Ligand code: PGA
């Protein structure tokens, strides 16, 4: 059974006081039936770890280097994330693919680096609007996921996948539950065929998830929770979305 997972992606938002208030609101609403985590900007991981220690709520980062260590100015290694208690690292978010030219193979290397240090990579895939309009959605996400599968082999059973249509991120335009389910089903089949435990990989939906559309999305058979951007910055909204997951 795949327990639902809801992950907040704070992106480049927050401040010490704002984070403290947000985390207090999330903590106050425990317990959650779903697994819950927040992915904070790097400088706040230490404080997030302190605030969430032994709370049952996980935390993670929004990226991780593909390299083990060395002269990579500005990068943060998976070992460092593990040391900060991170359970998760988002890799291959569409904003990193778009603004930092991250390729499928770099994203796969980042996923492997995270796994090697016991950090679960949340591997993001998703098509642009032009790709959807051209009828290429499933081909694009299959190619993105295949890079991780090729790199990880059986270890792919240890990842989380997030399907995030680029046109739905931060736009207020959500994929319909049926549109999302169709892609999730295809991703599930690809994972099942790739590895013994592939069918158990959790596949999150992301892209304008809000309290009023979360339950219907999470009710789809192959949607195992959500990766939440904007709505994860307000405790009342994030808590409502976590509740909608179970
Ligand atoms: P959004 O972002 O919920 O603000 O659309 C989702 C994401 O980018 O992870």
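A compact table of results
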| read-out | value |
| --- | --- |
| Relative contact order (percent, whole number), the chain, Cα cutoff 8 Å, 6+ residue spacing | 22 percent |
| Inter-probe distance in nm under a simple model that places probes 7 Å from Cα toward Cβ, at residue 155 and residue 55 | 3.1 nm |
| Ranking of 224, 150, 104 by count of other Cβ atoms within 10 Å, fewest first | 150, 104, 224 |
| For the chain, share of DSSP beta bridges that run antiparallel, in % to the nearest 5 | 0 percent |
| GNM flexibility winner over the chain from 16, 132, 185 (Cα, springs under 10 Å) | 16 |
| Relative contact order for the stretch 142-246, counting Cα pairs under 8 Å that sit 6 or more residues apart, in percent | 29 percent |
| Residues 234, 210, sorted so that the one with the fewest Cβ neighbours within 10 Å comes first | 234, 210 |
| Burial ordering of 32, 44, 163, 205, fewest other beta-carbon atoms within 10 Å first | 32, 44, 163, 205 |
| Euclidean distance of C-alpha centroids, the stretch 179-227 and the stretch 28-80, integer Å | 23 Å |
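Laboratory data are not the source of any read-out in this text; all were calculated from the coordinates shown. Since we're looking at a predicted model, the values are computed, not measured. Every residue, glycine as well, gets a Cβ built from its backbone with ideal geometry; the counts of neighbours run over all protein chains shown.
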